[in-house]
């Protein structure tokens, strides 16, 4: 063994690499409809820092898209107060403008009223009627309730 220092052969850490997002992912994070964005946004990957800058100080095109639309399906469902599945059942297209959403809310078709009742917390379909569950039948519930309610004269109450 020698007292001479050894050469450090460990791998040196690499400088951090900027993470890039696809235009589809960036549009989803911004809450905008991708086909309505400018062509340069659709064709280039967006870095996380550029995405943060867009969120902090949105350019005019982004502010206009958020204000007027067209909005993606998730945003349409949120503004209508229903689920994405409810939009499919109601026959709503993939994107809508703010004016179309307001018109639908003013018109309030029957399917929208029913779906909003289902989607609202604390309301909707009674427990035991979800897919895969067997709803309690009224005849078995009536037999169980009548058996509990009857007390014979011979029974002692504790």
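We did not get these values from a lab; they are worked out from the coordinates using the rules stated. Note that this is a predicted model, so its numbers are computed, not measured.
Roughly what percent of Cα-Cα pairs across the stretch 69-124 reach past 16 Å?
33 percent
Considering the stretch 19-68, what Rg and Dmax in Å follow from its alpha-carbon atoms?
Taking only Cα atoms of the stretch 19-68, I get Rg and Dmax of 9.8, 30 Å.
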